[in-house]
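Chemist: My structure is below; once you've seen it, I'll send some questions.
No lab work stands behind these numbers, since they all come straight from the coordinates. All values derive from a computational prediction rather than experimental measurement. For neighbour counting, all protein chains shown are included, and Cβ atoms are generated from backbone atoms with ideal geometry for every residue, glycine included.
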Amino acid sequence: MNLPNKLTLVRCILTPIFLFLMLAEFPFHYGAALLVFIAASLTDYFDGKIARQQNLVTNLGKFLDPLADKALTTAAFLGLMTRGGGDMMCWAVFLILAREFAVTSVRLLAAKDGVVVAASFAGKLKTVMQMVAIIYMLALLQLRDLLPDAAMGLYRVLLVMGVIFIWVSVIATVVSGVQYVWALRHYFKEN
């Protein structure tokens, strides 16, 4: 259990705390959730950086890190969906979860042969894009709670930008999922 793996475990612990804060009803709860989400996201950055720099990459880390990322981002997207995301957010969550199930299936088939599939560049990029979209939306939700009714027009404009960020992250998610499945398709053929 090295430092990068401990940071990954911290992200796992912060995920339900984040979701609780996002869904709770008290003043500045979105701001509190945003701070916890940023802290959890930073553990993702530092666990990978430390693992590579200090040659502490382990099979546990290769396995646990993507799961911790999935749990954190899925919790955030589900939270956003419950906070008025509507049909579009439901589709976004569906596509993200479908990708995660497909990639996890391929990883499990590879693991049967003793192969641990590390995150690819495309997988890391989609995680960063998802985190940026989530941070933007959390900040926007907190801003909405602070804005007077007269400024709701500004909120709607900023919300359109947030929807664009979310769908760019969804496209990156689907593309990276297709890349994983294609690169590891021989595991499906063998089984």
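Chemist: I'd like to know how segment 3-190 sits against the 2.2 N^0.38 Å rule of thumb: what's its Cα Rg over that expected value?
Modeler: In units of the 2.2 N^0.38 Å rule of thumb, it is 1.09.
Chemist: Could you calculate, for segment 51-124, the ratio of the Cα radius of gyration to the Kirkwood radius, expressed as Rg to Rh?
Modeler: On the way: Rg = 14.7 Å, Rh = 13.8 Å.
Here the Rg-to-Rh quotient is 1.07.
Chemist: Taking Cα pairs under 8 Å and at least six residues apart, what relative contact order does the chain come out at, in percent? Mind showing how you got there, number by number?
Modeler: On the way: 185 pairs, mean separation 48.8, N = 191.
Value for the chain: 26 percent.
Chemist: Taking N as the number of residues in segment 15-97, what value does Rg over Cα atoms divided by 2.2 N^0.38 Å take?
Modeler: Here the Cα radius of gyration is 1.26 times the empirical estimate.
Chemist: Roughly how many debye, to the nearest 20, is the charge dipole of segment 3-190 about its Cα centre, given +1 on each Lys and Arg Cβ, -1 on each Asp and Glu Cβ, and no other charges?
Modeler: 500
Chemist: Need the C-alpha centroid separation for segment 147-191 versus segment 98-123, integer Å.
Modeler: 20
Chemist: I want the local charge near Met131. Using Cβ-Cβ distances under 11 Å, sum +1 for each Lys or Arg and -1 for each Asp or Glu among the other residues.
Modeler: Values: positive: Lys124, Lys126; negative: Asp44, Asp69.
Net charge in that neighbourhood comes out at 0.
Chemist: Given points 7 Å out from each Cα along the Cα-Cβ axis, report the Ala183 to Leu147 separation in nanometres with one decimal.
Modeler: 4.0
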